[in-house]
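Remarks on the structure that follows.
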Amino acid sequence: MSDRPPNAEKPTSDYSPGGAPPAGGPEDTSGPDSRPLGQAWEELLEYLSHYVHALGDLYRLKGRKLLLRLQLEILAILIAAGAIFVAVILIGMGLAQGFTVAFGNTPWLGNLTAGLVLLGCVSLGLFLRTNLSRKASRERVMKKYELRKQQQRAKFGRDVTEAAGDRDQRN
């Protein structure tokens with residue numbers, strides 16, 4: 001412990017040998033806190049501007065990447081659609097030629113039959129897809145409401161259907 005009282009001044013031995021105050025001391029004006037307030041705000045605004053511009057560049061880059069990916073996906077879809085279109089045309093021509101030979105070398109009957117077969121296949125596919133989609137949607141909705149009724153029974157001891165039946169019996 002030291003013999004000097006707690007409120008005594010610091011001894012001069014804390015200073016450097018030349019008697020100058022240490023760097024960062026009360027007389028040092030080279031630190032960031034000693035700048036004028038306007039200059040500190042200017043610096044802060046510059047850093048904020050830099051950050052905002054960097055964010056803008058980041059989002060522009062992400063946007064460019066997204067557009068490039070979208071363009072590539074559209075191109076892939078167009079290529080696939082073109083390939084499917086050509087395949088369907090070749091299948092249709094092959095069917096038409098086969099029906100032409102089967103019907104005794106009458107091209108109009110072969111072409112007509114091939115067109116009707118392809119149209120029937122497309123119609124059947126659309127019909128099945130529509131019905132299966134509708135059935136799956138109906139089952140999802142019914143399952144959702146059954147789950148909700150189970151939760152109501154667990155929480156209230158009855159579900160909405162039972163509550164409506166009780167109300168009808170009272171009237």
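The values are calculated or read from the model by the stated rules, or taken from the named source; none is laboratory data. Note that the structure is a prediction, hence the values are computed from the model and not measured. Here the Cβ positions follow ideal geometry from the backbone for every residue, glycine too, while neighbour counts run over all protein chains shown.
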Condition met for residue 27 (of a type in the set (Asp, Glu) and modelled with pLDDT of 95 or more): no
Residue within the stretch 109-122 that is outside any helix (DSSP H, G or I) and on the phi < 0 side of the Ramachandran plot present: no
Number of the exception - residue 40 against (1) at pLDDT below 85; (2) in contact with an Asp or Glu (Cβ under 9 Å, 6 or more places away or on another chain): (1)
Selection status of residue 162, in a helix (DSSP H, G or I) and either surrounded by 12 or more Cβ atoms within 10 Å (Cβ to Cβ) or touching a residue at least 40 places away in the same chain (Cβ under 8 Å) (or both): yes
